Every structure is written in structure tokens, then in C-alpha cells.
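What follows is one structure encoded as C-alpha cells, with my remarks underneath.
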Amino acid sequence: MLRRLLTIMLKEEKLDFKLGIIARPGAALANKTGSFRSEIPVFKLDKCTGCDLCIYYCPEGVVFGDKKTKKYSFDEDYCKGCGICAEECPAKDIDMVLVEK
Amino acid sequence: MKEVRIHGRGGQGSVTMASILAISFFDDGKYCQAFPSFGSERTGAPVQAFARVSDTPIRTRHQIYNPDYIIVQDVTLINSVSVAKGLKDSGKLIINTEVDLKEIIKNFDNINESNIVLFPALKIAMKILGKPIVNTTLLGAFSAITGEVAIGSVKKEIEARFNSKLGKINADAAQAAYDYVKGGKIGF
Amino acid sequence: MLTNMLTKEDTHKQLFTMGHTGCSGCAQSMAVKLIMEVLGKNTIATSATGCLEVFSAKFPESSWNIPWIHSLFENSAAVASGIEAALQITGKKEGITVLSQAGDGGTADIGLQALSGMFERNHDVLYVCYDNGAYMNTGYQRSGLTPYDAFTSTSPSGKISYGNNRPKKYMPEIAMAHRIPYTAVASAGYPMDLQKKVKKTMSIKGSKYLQVDVPCTPGWKYEPRYSVKIAQLGVQSGLYPLFEAEYDKIISVKKISKKVPVEEYLKLQGRFKHLFKDEAGKAEIEKIQKIADENIERYGLL
Amino acid sequence: MKKVLEGSMAISDSIRMAEPKVISAYPITPQTHIVEHLSQMVADGDLKAEYIMVESEHSAASVVLGASACGVRTYTATAAQGLLYMEEVIYNIAGMRLPVVITVANRAVSAPISIWNDMQDSMALRDSGAIQLVAENNQEAYDMHIQAYKIAENPDVMLPVIVCVDGFVLTHTFEVVDTIDHIEKVREYLPPLNMQYKLDVNDPFSFGTIAEPSVYLEARYNLSTAINNSKSIIINAANEYKEMFGKYEGALIDPYKMDDADTVIVAMGSVLGTIKDVVDELRESGKKIGILKVRSFRPFPADEIVNALKNIKNAIIIEKAVSLGKGGILSCEIRDALYQRKVYSVNVNGYILGLGGRDITPKNIYDLIMKAEKEENIDGEFFGLNNEMLNKVF
């Protein structure tokens, strides 16, 4: 936290902490929310119909893929493992598995 | 420094009168101040307004307790308000009325006949303005009675305050009042 | 709203970006993401104090890739009014959406006065109320939009109580009573419908009110994966009618495709579990069913 | 040009000169005349601004907050309960470093409800981070508003400025005010607002983010430093104004006949005029008495006040406000400033008077001086109490 703060205070000249609590756009990307999860989705890419619902429904916006090739994936750095994608997948093509590390 | 207190009722234009008087003093090259009795004005309720004039800048801001001049816009106020309170010995109490001085003086203790000036502002206002608003008329009378302010300044500021036609007839009313006091030619 | 292909890099450029600290499964963050997709980068947003503000903008981080401001709990609409006025007077309003956001408490309770003022002045602002039915940011206290019988920490069920004893305030109708050009109710359960409504607001000048049902996993007490399912059941049961209005007239409703009893909706949520304990609870469920049936009748949902 | 102007007119005229783009206010006595005049100016096209008629002071402050965050010049005015209702927002305006100018037509606070003048309202905002300047007369009220924008918008300040103008006593009083004839000169003194950070779709930033314990202390320190450092900018603003317009009423403080004084009256606002008349009279009778006007209450000019007072015998503090449960506010701060700088030789007596519009006459001031010179270490004593009223049974 402090290190990130210092980076912004010292290196990012555009932000003068002295002029108030102002944050750079999209700076939240620095916060890897993957630590939130205990389960992780597995995109089986078997019965996928390319409906894109997993993209629509993902609260984090971490799912990406290609409607044509029906190949979908997600950003492990940020996925919080909520399981909505698996629950809502009409083809039941996503499984949630426990993170075991 | 000379101090003026104006008594009237909410809606009679006492504050307007005080401010026009102050600006007229300013036109005469004096320093001035005008302010209302602070608070919310209610139509019909007794109100006061104040004005000061001086050759030097006016800094004090207290209300006026010992005025040199008191102007009473509505004679009925003398029944309910101590309009003459604090008048200086050399001061003038100017009352808009047509009632006889002998009747009026009964209402006051400790005040000499020589301090009181009765002036039929309502009659003049009705004749010239056609309505019972006497503040501008009284300003003309004040100029003539006290000599503290030039009638030209008073008329100029009355005209500046209202729109052209209204300003003109109000200035006429002030002039008529001035002439009346000075024994002018208008026959009332 | 989606292109055929979305890459990982694309996802990092979203206007409401990942990295926020919303709960796992948060339907509100889903709604914000969907709304920002439609509105695009020429948007200036305000947020009232609440979950969204806290989880999206923790200094020095921010999930907002647009100009965004938080001031207070009750003044999101007034701050947005000021922004709109500043854009108008400087000739910069054209092509820019002013988005004012708050939760249900910041909208229907403490912020109602400022919102009413904004509506009355008809500022060209899209106001979005993320309705999760309680003060979730402070630990699930009751708000004016808490549904009947829901357990919250200040409307708990108890020996003589079945939870919140007042019906949900009809906030969209309060908005409509202001005769603003557009009022709509949407749900996180129906993203396309939500985005369609947001798109529509962009072509309307004046105040727009959009209320979005956003289930809350810790507040409603359900597993994160059910956020969409519960939102859909809210709509399909008739408890959360989705409609659009122009001025004071409803112009369209989202019909219920497959009507479900309210019980289906209630039983998935811990905030209603006290209704399933005894006979008296059943009577309460019937009352809730009556609310749903009245909605169905009133809005013509079937 | 010299004109006879009501205080409210003078203020609105100087606001017109400063050309704010967004004005928002909610009417409250005795601020009303100011916003009425401004509304008329906007209605007549004499001031090109968005005038937002809001439903409350809270929203008035919120509207100017939002507009100011977009980088445009803004204005609002209020009094008493209205200011207290705005308070929450003003703290935010300060914390977010937005240069809003706010007129407070000083009025007593409830209860009991009183529409009349004292300074309890603005005093309640003393810890908000807003700069507070106090006007003595309508001339100063006029000049001070233009200077307020200059101070607020200085890149090293970026804070709201509250201009305190005694309600009724100044706002409703007509007197001679020397106004500026050419708006171009004001534009020269007060160049267009240019904010480093603002709400701009081409350069987006997030404002008002949450600060965790690891950040908040530093954020408040920076805010505190900014307002403390604004002293030199207030002085520069007054000096530049003097150079350009030839008018000067002091910057942080303004001494009056203090050179050889052994007794000095310290006060703020319109009561200074009445005090000056009394002091002039006492001077004529040979009394070594002077006046110290405090023009900037926040930032508090502690060094300047101590320098001015350190060699005198008696300091008499006259204030129209009270800190309930403590006593005098100005007197307490002056005593603290002297003590902190190890000046123990000055006898500080603080008195509270004129609350709720109680008229302060020259005789009151004279009596107070005579009484104060015989007393020691008075801390916010109520002066002028009507004992009969205190114990009356109605």
C-alpha cells in the first residue's frame, strides 16, 4: 500500500498529493483481487455456444474471449471466484473448482 | 453629523425614503448612511428607517436614539409608537397630517410646539400621484423644512429610483411639497 | 454492446475497471460495468457515499477511467447538477453524459431532497439508483427501499417481529411524479434490458431516473453465484417490476415470461429465512405474494 | 466611482465583477438581498452565469462544489442555520481543495431563533479548512470579495474563502462605496481560473476517494499547511489590490492608532466602526488607546497579533460570538498566541456582546473600556446583560 502510494506521489508528476485526495484513472488495476477467491472457474470449452453471458454477468469484467471460435478465458489476477459465470452458463460448460495451493 | 429617523408602516416606503435621502446627501457632497430597523417587514406594522449625514466619513453603526429630525409618515402611529422619543432639543418632528397642532401636541410630553412641523403630505400626494404614498412628498418637505439637503438632489434621486414616468411625478410631488413649505404658488 | 472478440488487454481498458474491492459476486459492480460500457468515456460521474464509492475509489486507487467525484451521502444529485451547470455555461455539455449515482439509501432516504431538486430543475443528468434494499456499506441496516419482511440489522426478525414491517417505497413513482422525461427500472438479472434502457437515456435531454435491482450477497445472505438468479426471480415473481415511463406515463413493461411464486425467490435468501420457520411465517409469505400479485396487476406484467 | 450602495448591492456588484460562472444559493435572511441582486443581474444579462435555484443550502453548496470541480468559478451565500446546514459540504469543499467563494451574512444561530446579527454562525465553521475574512464596512466587503477569489484560486491555496459580512448592519445599510469602473482591470487582477485537476473527460481523475488511516493524517496535514501558508497570499492579494485599485484595509490585521497605545481593543467586523469613534474621542482626552482589527480569522494571524500586542498593557477583546462551555473564542485564541510565544505581560480581557442583534452603542463601548481597565484575565464575560430579564418570570 505505502509503496504504491509512494510510486504515485513521487513518480507520477501529474498527481500532487498536496492538492487533495485525487486518484489516477483506473489505478485500481494495481489491486490484484484474485486473492478474494477460494474457487476458480474452469472454462471447459466443450459445449460453449458463444452466447457471451459469462462476459455480461461477470461482476469484475475479467472474462474475455471470441464469439466465433467459442474460446473464452478469464484474468486470474482479478477473478474473485464468485461462480456466477458457472451458475449462469446455459451450456453448463464452466465448472468451479477449489483453489488448492 | 445629523441623524434622521423615519417612522412609517410596512409598505409605505420608509426604507426607500431613507436610502433616497442618503443618496441625496451624497449628491450634495456629504457622507451618508441609511439603514432600516433590522428585521422582517410586515405590511402595516410600524417600522423605522434611519439616515445619517456628515461632512466626514461615517463609521458608527448603532441605531439612532437622539435624532436631529424625525419624520412620521402616518399620523396614526403617534397613538401606538413613541415617535418623538429622543428628539434633540433643537430637533424637528415632521408629521404628515392635516390635524390641528393643538390636537397633535396633546400626544406628546416634553416637546415644544416649536419642535413640531405639521405637513399635509397626504393631500399633496393624492393630488399629484393619485395615491396615498407620501414618502417622496415628505422628502421634498424635509428639504424645505430643514435645509439639510438640496431639493434638486432629492428630485434627481427620486427620478433615478423609479421608472421614468413614476419618477417624474414623484419628483413633482417632492417639488410641490418643497414649494408648499416655502410658501410657493401651489394652492393647497 | 460486445464486439465479436474481447481480449485480456481490452478488459483492462474498461471504463469501470477490475481491481475494485467489491464483494465476490457483487451485482452492483456488474451493473456499473454494464452501464459504463454503454455510456462510454464521455461521461462525468458522481457517486454518493456507499458501497460503490468505497469499493471503487480507495486512494490512491480508482476503478474509474472517467472523471469521477464523490462528495457526500446525500448530495450526489446536487453535485451532478453543479457539474451539468458548469458544462452548460462553458459550452461543453454537448456529447457528455453526467451520471449521478447512489444507493437506495442515498436516493430514497437521505438524498431524496437533493434528488427532487434536481428533477424539478430538470438537469440533463442520468441518475442511477443501485437498489440493494438496505444500507449495505454500514452492515445491512434498513432503508426506505428494504422490502417487506426482510431481515436487516435494524429491522431484525424476533420473537414478535417478522423483519421490516413497512413495504418498499415506490421510488420510481416518486421520480415519475416529478414529470421528468424518463424513468426506468432495470435489474442486474437482465443485462441486455438494462443496457437498452441506459442507451435510451442518452438520447433524452433532461433528468432521467434509472433504478437497478442489484442483489447483495452479504446483505441478502446467499451464495455469490446466485446473484443473477435471484435478480431474475425478483422480476419473474413480480416483486421487482421492470418498466419504462415517459413523464408520468408508463410506456412499456418487461413481461414475466414464467411466473414463479414469491417463495421461490424468498427461500434462496437468508434475509427471509425467518419466514420459513412456522405457520405465522407462511401467512407473511402470503402477504408478500399479495404484494407481488398487486404489482403484476398494477403494471400488467403478465 | 463612488456610489451610495446597500451592502448587499456592493457585494453582488463585486461578484458581478469577478464573473463567476455558476451561482447557487438558497434564500435566508439577511443574505436575501445579495442573491436577489445577483438573480436580477443574471435575468438582465449583466452577469453571464448559471444561477441554480436549489431546494436547500446543502444543495447550494453541493452545486458549487460540483461546478467548481469542473474548473469554473463559483459563488454562494448564506447565513446562520443555512451555513450550519452547508457545513458538511464546506468541509468537503475545503478537503477537496476547491476555490469556492462564500458570503456569510453573519446572523445569530438558533435556538432561540434570531434573524439578527452576530458572528456565532461563521465561528462554527472555524475548523472547516475554509479561509475566513471579516469585512468592517461595505467598502471592504466590496473589495474583499474580489480579493477572496484571488486568494482562493492561488495554486498554492486552492481553498474556499468565506467572506463574513455582518447581517443587516452591513448587508442592509446604504453607504458610500467606491466601486471599480472597468471590469477589464478586475480581469487583470483576477485572471481566469485555471485548475490543475478538474473533472474533464479528456484528462479524467477521481476526486473524493476514501483515505485509509495510512493516508488521512497526511492529507489533513497538507490541508492544514495550505491554510496556514495562505497568510502570505492574503497579504499579497491585499497589496496587489492596493497597487491596482488604490484601496487597502489591511490584510491579516490592521492597527489603528496603536503606536503609543497602552490599551488596545481587538475586534472584528462592523463593530470596529463604532469602536473607532469612541477611541478617537478618548484619544482627544489624552488616553493612549488604539485598535487592532482582525481581518483574517482563518488563517489566524497569531504571530502578527502577538507582534502588535506584545508591548501593551491591556488588550480588550470584543466579540459577537461565544463558545458555549468555554467562553470567548477570539480572546481565547489571542491569549493562547501570547502564551505560546511567552508573552505574559499583556492583560487580556475578553467580552461577549451584541449577540442576536443587540445594538452596540458608543456608550456601551466606553463603559466596557472603563470596566475592562480595572479587570484582569476576563475570559469571555457577557457584557450588557439585562439582569431584570435574566431572572424574569413570564
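The values are calculated or read from the model by the stated rules, or taken from the named source; none is laboratory data. Just so we're clear, the structure is a prediction, and the values are computed from it rather than from any experiment. Reconstructed Cβ throughout: ideal geometry from the backbone, glycine too, with neighbour counts over all protein chains shown. Keep in mind that these areas ignore ligands, DNA and RNA; they rest on the heavy atoms of the full protein, side chains included. Shrake-Rupley method; radii C 1.70, N 1.55, O 1.52, S 1.80 Å.
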Task: Selected residue [more than 17 Å from D:His33 (Cα to Cα), of a type in the set (Ser, Thr, Tyr) and more than 9 Å from chain D (Cβ to nearest Cβ)] from B:Thr16, B:Thr43 - done: B:Thr43
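Taking the stretch A:33-57 only, how many residues are more than 7 Å from every other protein chain (Cβ to nearest Cβ) and either closer than 18 Å to C:Ser62 by Cα or not in a strand (DSSP E or B) (or both)? Before the answer, list the steps.
From the stretch A:33-57, those more than 7 Å from every other protein chain (Cβ to nearest Cβ) are A:34-35, A:38-51, A:53-54; that's our starting set.
Now drop any that are not either closer than 18 Å to C:Ser62 by Cα or not in a strand (DSSP E or B) (or both), which leaves A:34-35, A:38, A:44-51, A:53-54.
Qualifying residue count, the stretch A:33-57: 13.
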Task: For B:Val134: the one exception among (1) closer than 11 Å to B:Val72 by Cα; (2) touching a Phe, Trp or Tyr at 6+ places or on another chain (Cβ under 9 Å) - done: (2)
Open item on the list: With of a type outside the set (Ser, Thr, Tyr) and part of a helix (DSSP H, G or I) as the only criterion, which of C:Lys255, C:Lys259, C:Lys287 stands out?
Closed with: C:Lys287
- [ ] Need at least 3 residues that are at negative phi and open to solvent by less than 10 Å² (accessible area, probe 1.4 Å) per element, so show me which strands (runs of 3 or more DSSP E) inside the stretch D:273-357 make the cut, counting only ones lying wholly within it.
- [x] D:289-294, D:314-319, D:347-352
Task: Members of the stretch D:33-61 found to be surrounded by 23 or more Cβ atoms within 10 Å (Cβ to Cβ), under 21 Å from the mean Cα position of the chain (by Cα) and not β-branched (Val, Ile, Thr), listed by number - done: D:Leu38, D:Glu57, D:His58, D:Ala60, D:Ala61
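Surrounded by fewer than 16 Cβ atoms within 10 Å (Cβ to Cβ) and within 14 Å of chain C (Cβ to nearest Cβ): which single residue out of D:Ser214, D:Ser224, D:Ser206 fits that description? Full working, then the answer.
On the way: D:Ser224 fails: within 14 Å of chain C (Cβ to nearest Cβ); D:Ser206 fails: surrounded by fewer than 16 Cβ atoms within 10 Å (Cβ to Cβ).
Just one listed residue meets the conditions, D:Ser214.
For every residue, the table says whether it meets (1) closer than 25 Å to D:Pro191 by Cα; (2) over 15 Å from the mean Cα position of the chain (by Cα); (3) open to solvent by less than 10 Å² (accessible area, probe 1.4 Å); (4) more than 12 Å from chain C (Cβ to nearest Cβ).
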{"site": "D:Val64", "(1), (2), (3), (4)": "yes, yes, yes, no"}
{"site": "D:Gly71", "(1), (2), (3), (4)": "yes, yes, no, no"}
{"site": "D:Ala80", "(1), (2), (3), (4)": "no, no, yes, yes"}
{"site": "D:Leu83", "(1), (2), (3), (4)": "no, no, yes, yes"}
{"site": "D:Asn106", "(1), (2), (3), (4)": "no, no, yes, yes"}
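Does the stretch B:64-88 hold any residues that are among the polar types (S, T, N, Q), in a loop (DSSP other than H, G, I, E, B) and within 17 Å of B:Leu122 (Cβ to Cβ), and which are they?
The first filter runs over the stretch B:64-88 and keeps only residues among the polar types (S, T, N, Q), leaving B:66, B:73, B:76, B:79-80, B:82.
Still in the running and in a loop (DSSP other than H, G, I, E, B): B:66, B:73, B:80, B:82.
B:Gln73, the sole residue that qualifies.
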Task: Residue satisfying all of: in the stretch B:22-49; touching a helix residue (DSSP H, G or I) at 6+ places or on another chain (Cβ under 6 Å) and open to solvent by less than 10 Å² (accessible area, probe 1.4 Å); farthest from B:Ala125 (Cα to Cα) among these - done: B:Cys32
TODO: Check C:Lys259 against each of (1) surrounded by fewer than 22 Cβ atoms within 10 Å (Cβ to Cβ); (2) in contact with an Asp or Glu (Cβ under 9 Å, 6 or more places away or on another chain) and name the one condition it does not meet.
DONE: (2)
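Condition first: part of a helix (DSSP H, G or I), in contact with a Lys or Arg (Cβ under 9 Å, 6 or more places away or on another chain) and farther than 21 Å from D:Val100 by Cβ. Can you find one or more residues in the stretch D:174-181 that meet it? Before the answer, list the steps.
From the stretch D:174-181, those part of a helix (DSSP H, G or I) are none; that's our starting set.
Scanning the stretch D:174-181 turns up no residue that is part of a helix (DSSP H, G or I), in contact with a Lys or Arg (Cβ under 9 Å, 6 or more places away or on another chain) and farther than 21 Å from D:Val100 by Cβ.
One line per residue, one yes/no per condition, for (1) out of contact with any Ser or Thr (no Cβ under 8 Å at 6 or more places or on another chain); (2) open to solvent by 30 Å² or more (accessible area, probe 1.4 Å); (3) closer than 24 Å to B:Asp28 by Cα:
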site: B:Asp100; (1), (2), (3): yes, yes, no
site: B:Glu103; (1), (2), (3): yes, yes, no
site: B:Ile111; (1), (2), (3): yes, no, no
site: B:Leu118; (1), (2), (3): no, yes, no
site: B:Lys131; (1), (2), (3): yes, yes, no
site: B:Leu139; (1), (2), (3): no, no, yes
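I'd like to know if the stretch D:360-371 contains one or more residues that are under 20 Å from the mean Cα position of the chain (by Cα) and in contact (Cβ under 8 Å) with a residue 12 or more places away in the chain.
Our first condition is that a residue be under 20 Å from the mean Cα position of the chain (by Cα); within the stretch D:360-371, this holds for D:360.
Still in the running and in contact (Cβ under 8 Å) with a residue 12 or more places away in the chain: D:360.
Yes, the conditions are met somewhere in the stretch D:360-371.
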- [ ] Find the helices (runs of 4 or more DSSP H) located wholly in the stretch C:163-234 whose residues include 1 or more that are more than 30 Å from C:Lys282 (Cβ to Cβ) and open to solvent by less than 10 Å² (accessible area, probe 1.4 Å), and list them.
- [x] C:171-177, C:191-201
Open item on the list: Please verify whether A:Ala28 is within 11 Å of chain C (Cβ to nearest Cβ), modelled with pLDDT of 90 or more, open to solvent by less than 10 Å² (accessible area, probe 1.4 Å) and touching a strand residue (DSSP E or B) at 6+ places or on another chain (Cβ under 6 Å), treating the condition exactly as stated.
Closed with: no
Open item on the list: Can you say whether C:Leu87 is assigned to a helix (DSSP H, G or I) and either more than 9 Å from every other protein chain (Cβ to nearest Cβ) or modelled with pLDDT under 95 (or both), as far as the supplied structure shows?
Closed with: no
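Taking the condition of being farther than 17 Å from D:Arg187 by Cβ and over 13 Å from the mean Cα position of the chain (by Cα), how many residues in the stretch D:139-150 meet it?
Step one: of the stretch D:139-150, the residues farther than 17 Å from D:Arg187 by Cβ are D:139-141, D:144.
Remaining after also requiring over 13 Å from the mean Cα position of the chain (by Cα): D:139.
Residues flagged as farther than 17 Å from D:Arg187 by Cβ and over 13 Å from the mean Cα position of the chain (by Cα) within the stretch D:139-150 amount to 1.
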Task: Hits in the stretch C:4-59 (condition: of a type in the set (Ser, Thr, Tyr) and not in a helix (DSSP H, G or I)) - done: C:Thr7, C:Thr17, C:Thr21, C:Ser24, C:Thr43, C:Thr46, C:Ser47, C:Thr49
TODO: State all residues of the stretch B:66-84 that are open to solvent by 30 Å² or more (accessible area, probe 1.4 Å), free of Cβ contacts under 8 Å to residues at least 40 places away in the same chain and closer than 18 Å to B:Ser14 by Cα; if no residue qualifies, say none.
DONE: B:Val75, B:Thr76, B:Ser80, B:Ser82
Open item on the list: Exactly one condition in (1) in a loop (DSSP other than H, G, I, E, B); (2) in contact with a strand residue (DSSP E or B) (Cβ under 9 Å, 6 or more places away or on another chain) is false for B:Asp109; which is it?
Closed with: (2)
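Within the stretch C:90-110, how many residues are open to solvent by less than 10 Å² (accessible area, probe 1.4 Å), touching a Cys at 6+ places or on another chain (Cβ under 9 Å) and either in a helix (DSSP H, G or I) or not hydrophobic (A, V, I, L, M, F, W, C) (or both)? Show your work before the answer.
Just the residues of the stretch C:90-110 that are open to solvent by less than 10 Å² (accessible area, probe 1.4 Å), to begin with: C:98-102, C:104-108.
With touching a Cys at 6+ places or on another chain (Cβ under 9 Å) added as a condition, the list becomes C:101-102, C:104, C:106-108.
Add one more test, that the residue is either in a helix (DSSP H, G or I) or not hydrophobic (A, V, I, L, M, F, W, C) (or both), and what stays is C:101, C:104, C:106-108.
Residues in the stretch C:90-110 being open to solvent by less than 10 Å² (accessible area, probe 1.4 Å), touching a Cys at 6+ places or on another chain (Cβ under 9 Å) and either in a helix (DSSP H, G or I) or not hydrophobic (A, V, I, L, M, F, W, C) (or both): 5 in total.
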Task: Contacts under 7 angstrom Cβ, first residue in the stretch D:246-273 being within 14 Å of chain B (Cβ to nearest Cβ), partner at pLDDT 95 or above and surrounded by fewer than 18 Cβ atoms within 10 Å (Cβ to Cβ), 6 or more apart - done: D:Lys247/D:Asp178; D:Lys257/D:Arg283
Open item on the list: Return the residues of the stretch D:238-256 that are farther than 30 Å from D:Gly356 by Cβ, in a loop (DSSP other than H, G, I, E, B) and open to solvent by 40 Å² or more (accessible area, probe 1.4 Å); say none if nothing qualifies.
Closed with: D:Gly246, D:Tyr248
Task: Of the criteria (1) of a type in the set (D, E, K, R); (2) over 19 Å from C:Gly111 (Cα atoms); (3) within 12 Å of chain D (Cβ to nearest Cβ), which one C:Lys8 fails - done: (3)
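Quickly run through the stretch D:15-32 and pick out the residues that are outside any helix (DSSP H, G or I), open to solvent by less than 10 Å² (accessible area, probe 1.4 Å) and hydrophobic (A, V, I, L, M, F, W, C). So that I can check it myself, show each step before the final result.
Initial filter on the stretch D:15-32 (outside any helix (DSSP H, G or I)): D:19-31.
Of the ones still in play, those that are also open to solvent by less than 10 Å² (accessible area, probe 1.4 Å) are D:20, D:22-25, D:30-31.
Within the stretch D:15-32, D:Val22, D:Ile23, D:Ala25 qualify.
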